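**Q** This is the structure, below, for whatever I ask next.
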Amino acid sequence: MSGALAGRRVVVSAGPTYEDIDPVRFIGNRSSGKMGFALAAAAAARGAEVVLIAGPVHLPAPDGVRRIDVRSAAQMREAVLAALPAEVYIGAAAVADYAPRSVAPGKMKKTGATLVLELVRTPDILAGVAIHPQRPKLVVGFAAETDDVERYARGKLVDKKLDMIAANRVGVPGSGFECDDNALSVYWPGGARELGPAPKTVLAEALLDLVDTRLQVHRSA
Ligand code: C5P
């Protein structure tokens, strides 16, 4: 097995998170997990030791991957941090930004004409990994943007202290959530590359090629 990933641990998060409101309801999102699962499969095929932290998705575990299933952002964070140290972290999960302050112990009744749910910010897993004492050599994030893709993506690259960010434009037919195809704009300090439109399995290979190159740059720095 050749390449910078062979024999190295790669942690990938994938899919949505579900934030429970009560025993029967939750706040979720439409992430299918396909991009993260494709990245995990491709990294395993390159000889990496892959830990895939998966939110609630309907996808089979790729061959040769250690899969850990989680539900909420808090559980995902715990599983990701427990998977360190690693050479690479790829945060492909669509983590909920807010979760209910508390989970109602019983099913909530419909009483009033309106209902106000109090939500609190979830911890940013990706930003936490990037400043962790066991920080992976390469920390890669995703960003779903509707407009001004490069400006917002580069902002996140800097703010979250990432090495690379893959942005996809949401709201464009044939790309993004719940799709087999996607198009990515990838940014790193001093560089950029457009990938696709292409099937997520093809994009995963192309993104790992970039990861491989950046890893070699970091190692020789
Ligand atoms: O800031 P934004 O949510 O657009 O950033 C998206 C990136 O941050 C993704 O890589 C996602 O996995 C990660 N993220 C995270 N924890 C959160 C929110 C986002 O790891 N609570």
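The values are calculated or read from the model by the stated rules, or taken from the named source; none is laboratory data. What you see is a predicted model; the values in this text were computed from it and never measured. For neighbour counting, all protein chains shown are included, and Cβ atoms are generated from backbone atoms with ideal geometry for every residue, glycine included. We work out accessible area using only protein heavy atoms, side chains counted, and drop any ligands, DNA or RNA first. Shrake-Rupley method; radii C 1.70, N 1.55, O 1.52, S 1.80 Å.
**Q** Looking only at the stretch 87-103, count every residue that is more than 9 Å from the ligand (Cβ to nearest atom) and surrounded by 15 or more Cβ atoms within 10 Å (Cβ to Cβ) and tell me the total.
**A** Adding up the residues that qualify gives 5.
**Q** Hey, among the residues in the stretch 19-48 that are open to solvent by 50 Å² or more (accessible area, probe 1.4 Å) and free of Cβ contacts under 8 Å to residues at least 60 places away in the same chain, which one's nearest to G64 (Cα to Cα)?
**A** Here the residue is A45.
**Q** On to the next question. Just wondering, is there one or more residues in the stretch 134-141 that are farther than 18 Å from A206 by Cα and aliphatic (A, V, I, L, M)? Spell out how you get there, then give the answer.
**A** First, the residues of the stretch 134-141 that are farther than 18 Å from A206 by Cα: 134-137.
With the extra rule that they be aliphatic (A, V, I, L, M), the set shrinks to none.
Scanning the stretch 134-141, I find no residue that is farther than 18 Å from A206 by Cα and aliphatic (A, V, I, L, M), so the answer is no.
**Q** Given the criteria open to solvent by 70 Å² or more (accessible area, probe 1.4 Å) and within 13 Å of the ligand (Cβ to nearest atom), does D159 qualify? Can you show your working first?
**A** Working: open to solvent by 70 Å² or more (accessible area, probe 1.4 Å): yes; within 13 Å of the ligand (Cβ to nearest atom): yes.
Taking the combined requirement at face value, the residue satisfies it.
**Q** Right, next: Can you report the number of residues in the stretch 76-86 which are open to solvent by 20 Å² or more (accessible area, probe 1.4 Å) and touching a residue at least 24 places away in the same chain (Cβ under 8 Å)? Steps first, please.
**A** We begin by selecting, within the stretch 76-86, every residue open to solvent by 20 Å² or more (accessible area, probe 1.4 Å); these are 77-78, 81-82, 85.
Among the residues that remain, those that are also touching a residue at least 24 places away in the same chain (Cβ under 8 Å) are: 77, 81, 85.
Adding up the residues that qualify gives 3.
**Q** Then there's this: Can you pull out every residue in the stretch 104-141 that is open to solvent by less than 30 Å² (accessible area, probe 1.4 Å), in a loop (DSSP other than H, G, I, E, B) and within 16 Å of the ligand (Cβ to nearest atom)?
**A** Result: T122, P136.
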